[in-house]
Amino acid sequence: MHNVRSLVGSALAAVLVCLVTAVPVWAQATTGTVAGRITRAGESTPLAGVAVSVPGTGLAASTANDGRYQMRGVPAGPQTVQIRLVGFKPVTTTVTVTANGTVTVDAALQTSPIQLGDVVVQGASRAPEKVVEAPAAISTVDPQVLVSLSATGQLPNALGAVPGVDIVQNGVNDFNVNTRGFNSSLNRRVLVLQDGRDLAVAFLGSQEWYASTQPLEDIGRLEMVRGPGSALYGANAFSGVIAITTPTARETLGGKVTLSGGGLESFRGDARYGAMLGNRSAFRVGAGWSRSDTWARSRTALNGSDIIGEYATSDFTVPTTANGRTVIGFSPERRALNGQTIDPTTGAALGDRAAIRNYYGSGRFDSYLANGGMITLDGGASINENETLLTGIGRVQVTKVLRPWARAAYASDRVNVSAYYNGRSALDPQYSLRSGAPLEEKSNILQLEGQYNRNVLGDKGRVVLGSSVRSTMVNTSGTLMNLANDDRSDWTASVYGQGEYRFNKYLKAVAATRLDDGNLFTAQISPKGALVFTPSERHAFRATYNRAFQTPNLSEFFLQVAAAPPTAAPLTLESTLEGFFNQIRASPAFAAVPIPASLPWNFSAQTQVQALGNANLGVETVDGFEFGYKGELTSKLYVSADVYSNNLKNFVTDLLPGVNGAFPSFGLTDGGVNVPATLAAIDARFAQLGVPASDPRRAAIPQLLAGYNQLLAGTSVLGRNGLATLPNGERAVVLSYTNAGRVVERGLEFGVGYQITPALKLDASYTFFDFDVREQAVGDILLPNTPKHKGNVQLAYADARFDATTSLRLNEGFRWAAGVFQGDVPTNALVNVTAGFRPTSWIRVFGAATNVLNQERYQAFGGAVIGRRILGGVSTLF
């Protein structure tokens, strides 16, 4: 393992050295300059971020805030200049460049609604292609949506209009994003990549959305691929892939400062500056800070009044046994939120909650090569404080954590090579609020990946080939994993390839496969096949098969953490029974009754209640079949429809007692002792002797039997005994994981968009989901944690000075079961509104309101109740 880690580290260092020392050489004596100003047609308003390029030379520039650009080193002679900006008609012109001279190319761009046939995506094939030809259900997010929501810092909400997507908010910045069912407290079925860098946490494999190191408005392109994606992306692209592509440094020249604040005592500040270094290099630096109160509330009251009060606004009622439902997970927490203390008598939290605070800084350097390639060095770090996360063992508060990262990459038309580092370090202990235990974690991920693609067979075909190697290090100092498996390094490696062949201009076939292997799971092969029929540039039909897998995370493999406070009940019962048996043994009248010499239980004064991982877990798999259509019915109306059927197998269960033989069951019956039978024999002898039931000795028997049964019930889930013997011989109540279950799920995702006017657009979606459980483990609850019906409507307007969006997201109520929390999630209707106004080309005043109707609901059972939040601010360019 150390050799693998050393290999990855050496490879990363080699890539960094090569990229830093790669200096392009180009001729100076026979070049000139192209310069100019780009404005909006009819208004003369300058346009920033317009891409200006000379095809075939690797030269490009981007307009600054005043609409001006300058591109040096352009070869002398006739040259073609292309000018492009999303939402505007592209301009192409031919000029003659003179050596050491400057030629002016100005342009006034006309707005143009994006046509479906013009949209280019990369997420479905890891290479550029038209969205109508993509062999997967894929959607893009309008950049204006990211700008509108930037003040909130909540990227998941930007995906609200994408058909089929579940967005579950558990706190101010704690989100689960999923698609096609079987969401969880820490969802990792959707792989999230930023510029190819996996944003997941090494220990859990899930995302921490609050750790972003740039504001939403600077993200660039956001795509979402729905459905299994392991054939190209490997583990955990189980239900989909979110691909974030940030702008190059020359696309964000000049300076920008944004300040915002408002509801929930929120404040946010972001600053960015970018500049060219010569004509072939550029840099960008940014920094920001945010703070807010939290939606989370302490749940420490001994009588449970705080959680009942918190959920009272969310149509929550405590179920009774008559309705057949059980609420699990709301025993009083032992630790209050940071900043608060606990009343020793009532358990109520006292004082004010500490604010959520986030700090970040980042930088990027790009070198643009003469062959059209680009070298990138970027990195950053964030510090995040006091966010409360919903997890399988209950809520966890992240007191203070550092998240550094770095990336080096080379990209060209055919070759892409990248290496990245992600780190996470708990600067202060994290706390399990349920048990009160402090949790430490230091982890990092190192990955090296290369990819090659090219057209073949006279451009009728294309191949994409790639491979990667990853090393992961995690150390929890014994607070989350047992010491025998803690402070560990693990590795994975993969190779993948995709080929496509176009039989004619209407029909193409796509086939892909990937092999993943690692030291924690058996090798996995993930195939994919698709047929795409495009009768015209405006219509496409698709049939797809995909296989994907999800590996258990390190927590599921090696977890060791207190699941509840220790209990004295086992030793109390043992001592009481021993005393009773000793009293009976002393009587000659009971000589014929088989009473063992002693109880071989050996409980401690305090029996630990432990949640433990299972190192023998296997991967979850899904086989998916899908049919889809994308089309422009008119120049203003487009629709998409996808139907699918998935077969999911080998789920990793929630924590269950005594599963899979991971720990030898103690069961209170080992060593030949059978307490109920022994007590029954003693009671029968008392009856033969004529001892009345009121006799204290005989009256103790039903009490002892009730205590025995109560002990079993108190240390079990759904009647299964959790008492176990640990490898060191210690007795404990143990909850652990196993693989079990098979589910068939099916669904429909329908989306429609209508360009009412060039400035006004309507988008709507409807999603239907259903499932059948074919197999499941005893005591486990397999629920998709998603509504059967949900929908979204979004109306967006944008012109030169004003922009606004209104969205309505509807979710039918559903049953939730994940980790310790099991209960009902109510129906909700969330309305979000944003607006922005530009009094000048360099100032934008804006507002954003989430949950405008203040419909106070929790979106995952156990999560915080989310209320209204109204923010406002100003952004200025310089």
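Rule-based calculations on the coordinates, nothing more; no lab input. The structure presented is a predicted model; accordingly, all values stated were derived computationally and were not measured. With ideal geometry, Cβ positions are generated from the backbone for all residues, glycine too; neighbour counts draw on all protein chains shown.
Of note:
- Global geometry of region 772-814, whether rounded, prolate or oblate, following the gyration tensor of its Cα atoms and the 1.5 cut on a/c: prolate
- Distance between modelled label sites at Asn455 and Thr757, nm, 7 Å Cα→Cβ extension: 4.1
- Region 594-640-region 66-83 distance, computed between alpha-carbon centres (Å): 56
- Model label zone, Ala76; criterion: amide N under 14 Å from point 7 Å along Cα-to-beta-carbon; scope region 30-60: 30-33
- For the chain, the share of DSSP beta bridges that are antiparallel, to the nearest 5, is 95%.
- Using the alpha-carbon positions of the chain, Rg (one decimal) and Dmax (whole number) come out as 30.8, 121 Å.
- Overall, the anisotropy analysis places region 183-255 in the prolate class: the square-rooted eigenvalues a ≥ b ≥ c of its C-alpha gyration tensor yield a/c not less than 1.5, with a/b exceeding b/c.
- Gain upon complete extension [Ser305, Arg815; 0.36 nm per residue less C-alpha separation]: 181.3 nm
- All other residues whose Cβ lies under 10 angstrom from that of Ser266 are scored, Lys and Arg at +1 and Asp and Glu at -1, for a net of +1.
- Potential extension, Ala680-Thr94 segment - 0.36 nm per residue separation minus Cα distance: 200.9 nm
- Angle between the chain longest axis and helix 675-688 axis [Cα atoms, degrees, rounded to 10]: 20
- Label-to-label distance, nm, for residues given as Asp293 and Gln606 (7 Å Cα→Cβ offset): 3.6
- By average C-beta atoms within 10 angstrom, highest first, the peptides 691-698, 386-393, 747-754: 386-393, 747-754, 691-698
- Per residue, the chain reaches -3500 deg cm²/dmol at 222 nm when only DSSP H runs of four or more residues are counted, each adding -39500 (n - 2.57).
- Mean separation of Cα contacts under 8 Å, 6 or more apart, over the residue count of the chain: relative contact order %: 12
- Packing rank of 178-190, 41-53, 783-795, where each peptide gets the mean count of other beta carbons within 10 Å, highest leading: 178-190, 783-795, 41-53
- If R0 equals 60 Å, the separation of the Cβ atoms of Asp315 and Thr102 corresponds to a calculated FRET efficiency of about 0.35.
- Relative to the current alpha-carbon distance between Leu427 and Ala354, full extension at 0.36 nm per residue lengthens the span by 24.6 nm.
- Region 355-411 and region 222-248 have Cα centres lying 18 Å from one another.
- Members of Lys256/Lys630; Lys508/Lys790; Lys505/Lys636; Lys400/Lys761 lying beyond 30 Å, as alpha-carbon distances in this model show: Lys256/Lys630; Lys508/Lys790; Lys400/Lys761
- Computed from the C-beta positions of Ala589 and Ala615 and an R0 of 56 Å, the FRET efficiency is 0.60 to the nearest 0.05.
- Globularity index of region 399-489 is 1.63 (Cα radius of gyration / 2.2 N^0.38 Å, N = number of residues).
- Label-to-label distance, nm, for residues given as Tyr501 and Phe878 (7 Å Cα→Cβ offset): 6.0
- The simple Förster model, with R0 at 45 Å and r as the Cβ-Cβ distance, assigns Ala706 and Ala543 a FRET efficiency of 0.15.
- Global form of region 481-619, assessed from the alpha-carbon gyration tensor, a/c cut-off 1.5: prolate
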